[in-house]
Amino acid sequence: MSTPVDFLLWVRGPGFDIALAVFIIGILIRLLEMLMLGRKPDYAEPRGAELGAGLRTLLTRTLPEQGTFKRSPFTVVGGYIWHIGFFISLLFFVPHIELIDAVIGLSWPGIAGNLIDAVAAVTLVTLIAMLFSRLTHPVKRLLSGPEDYLSWLVTFLPILTGYLAYHRMIEPYPLVLGLHILSVEILMVVFPFTKLMHAFTFIMARWYNGAMAGRRGVQS
Amino acid sequence: MAETGKGMEKTLVQSLRESGVSRRGFLKFCTATASMMALPPNMAPAIAQALEKARRPSVIWLSFQECTGCTESLTRSHSPTVENLIFEHISLDYHHTLQAAAGEGAEAAREAAMAENEGQYIVVVDGSIPLGNPGYSTIAGISNLQMLEETVAGAAAVVAVGTCAAFGGLPHAKPNPTGAVSVSEIVKDKPVVNVSGCPPIPTVITGVLAHFLTFGSLPELDALGRPMAFFGKSIHDRCYRRPFYDKGLYAETFDDEGARKGWCLYRLGCKGPMAYNACATAKWNRGTSWPVESGHGCLGCSEPDFWDAGGFYNALSIPDSDITRQAVYVAGAGIALGAVAGAVNRSKQARAREEHEPVTIDDLDKRS
């Protein structure tokens, strides 16, 4: 018998196992490949410290740069809104906290469901606006390839299906909950092999840029 | 007195009156049934009229791989009510649990009822049917499968009572040693109504019978063959603790402040969001209470495979497998594979360095 409950049990069982395996193995392979490649030893005498410059760049590259903000405020503001909205929904919705607690044993207080609901709605609208801008802005359109649209889709679907599940907009509930979990599993499978990896590499990259400049005594 | 002698000829109202139920009580039941089944209020008189004229339908009750909890729920539900009397009014011609001592006579009664009411009787089934080995469950030497097929052949409709009959239930839980299946997996050519629950709510089965007596047809069913009127909304949708879920107020243990204040039981494993049943409105024990009201999360007993849907005390969002251990294994595999990939890359790098030949101005001149 194939029922929505069977589907939910599959995505919560074997489906999640597969997605978790691809996600963790994929990320570790990519990170280890990058780190093990190493750099040539630098024999030049350092002109400054790496630590302070590295940390400073971690911060400065996270804040919007003035010139960029003036040229394309929409991209900067939209980017902040949806990233923050995504992480609030991911990390502060109580059912998600229960999941994280079950996997790594860490938990923290959640936020009321109806607040998460509002945040998710803003995130969805922002993501749609960002896609619209990508499709209509001539430069962004030229720069965008299939991987960009795939990354957008696999990021958008978990929030959309989560919103539908919270509001129980598709009946029966096991079906919409199953779709939500499946969309997250698709994200997990695609994640290590696309630009979504930036979630793990941005800290290394920003640190490296800053530290390298600090060592040479120049501004990063 | 002649009327009383012919049990089959007596109408429902007559037998209710004999049991001391007033007309007022009867009409109250009809109104309650109409509202329970989400019918318009003006249907109440129509139900009353139809039930007044209704003759006793013959019911054959088959019990297969079950725990008798469903029969307990329905026969011992509470002291006499109209629901009970409706239940008594039906001509329960065969129920082997209740007439176990009758032996051969009971089987003869079943066969007689089938022959006399060909095409009109209702078959109620509780328990799942083992397809593994017929010997796993037999009654009077007849396998469950054979008895079901024989009995259903001349039935008007089949009511699968309880989650075992409706979806396989506990016997169907992994690893399903008896090869248990639900009624609907065997009966394909007759209407089957699934009244799921472990056990199901007594009012639901009387509601289905009242609908059958009134309209001569079965009520509207959902995708899993359950009456929409009772299974159309989830426990979560009708739960009085729902506002706490929306506000993010949860009980985290069974004896913390949240539990005492009656907050949402999601974190304690309540399966209310995925369970469709009428517990929150119909309640149990004459409307006294229901599991969530008594402080325990819903187990989702009216849903297929609820025994296999993860621990009863795990939140609905937690995957079923031991993910922490799996994450550790997978991380180990990832580090090993990553190290191999890194080593391969480094050796490629070293080889490239070895094979590197310096290019001089002269070489470039030669090429151009």
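Nothing in this text is a laboratory measurement; each read-out follows from the coordinates by a stated rule. Predicted, not measured: the structure shown is a model, and the values here were computed from it. For neighbour counting, all protein chains shown are included, and Cβ atoms are generated from backbone atoms with ideal geometry for every residue, glycine included.
Among the chymotrypsin sites (Phe, Trp or Tyr not before Pro) found in the range B:186-294, those both in a DSSP coil and sparsely packed, with 14 or fewer other Cβ atoms within 10 Å of their Cβ, are B:Tyr240, B:Phe254.
From largest to smallest, the equivalent ellipsoid semi-axes obtained for the range B:235-308 from the alpha-carbon gyration tensor read 19, 14, 11 Å.
Size check on the range B:165-214: the Cα extents along the three principal axes, sorted descending, read 41, 26, 9 Å. Using the Cβ-Cβ distance between A:Trp152 and B:Gln146 with R0 set to 56 Å, the FRET efficiency works out to roughly 0.45. For the range B:105-221, the ratio of Cα radius of gyration to the globular rule of thumb 2.2 N^0.38 Å stands at 1.06. Only aspartates and glutamates eight or more places from B:Lys174 in sequence, or on another chain, were considered; those with a Cα closer than 19 Å are A:Asp6, A:Asp17, B:Glu66, B:Glu185, B:Glu303, B:Asp305, B:Asp308, B:Asp320, B:Asp322.
Between A:Met197 and B:Leu221, the FRET efficiency estimated from the beta carbon spacing at R0 = 35 angstrom works out to 0.15.
For chain A, leaving out every one of the trypsin sites (Lys or Arg not before Pro) that falls in a DSSP loop and has at most 13 other Cβ atoms within 10 Å, the longest unbroken run is A:48-220. Per q in 0.18, 0.19, 0.24 Å⁻¹, report the Debye log10 I(q)/I(0) for the range A:34-121, using one uniform scatterer on each alpha carbon and no solvent. These q points yield log10 I(q)/I(0) values of -0.95, -0.96, -1.09. Absence of a disulfide-compatible partner, taken as no other cysteine beta carbon within less than 4.7 angstrom, is noted in the protein assembly as shown for B:Cys30, B:Cys67, B:Cys70, B:Cys164, B:Cys239, B:Cys264, B:Cys270, B:Cys279, B:Cys298.
If R₀ is 25 angstrom, what is the calculated FRET efficiency for the pair A:Thr68 and A:Asp117, using the beta carbon separation as r and rounding to 0.05? With a Förster radius of 25 Å, E is 0.20. Counting only trypsin sites (Lys or Arg not before Pro) that DSSP places in a loop and that have at most 14 other Cβ atoms within 10 Å, the longest clean stretch of chain B runs over B:77-187. Phi angles across the range B:123-128 convert, under the Karplus curve 6.51 cos²θ - 1.76 cosθ + 1.60 with θ = phi - 60°, into 3J(HN,Hα) values of 9, 9, 10, 10, x, 8 Hz, Gly and Pro given as x.
Contact order for chain A, expressed relative to its length and based on alpha carbon pairs under 8 Å spaced 6+ residues apart, stands at 40 percent. Between B:Ala153 and B:Arg346, the simple label model (points 7 Å from Cα in the Cβ direction) yields a spacing of 7.7 nm.
Taking the inverse of the mean 1/r over every pair of distinct Cα atoms in the protein assembly as shown gives a Kirkwood hydrodynamic radius of 28.9 Å.
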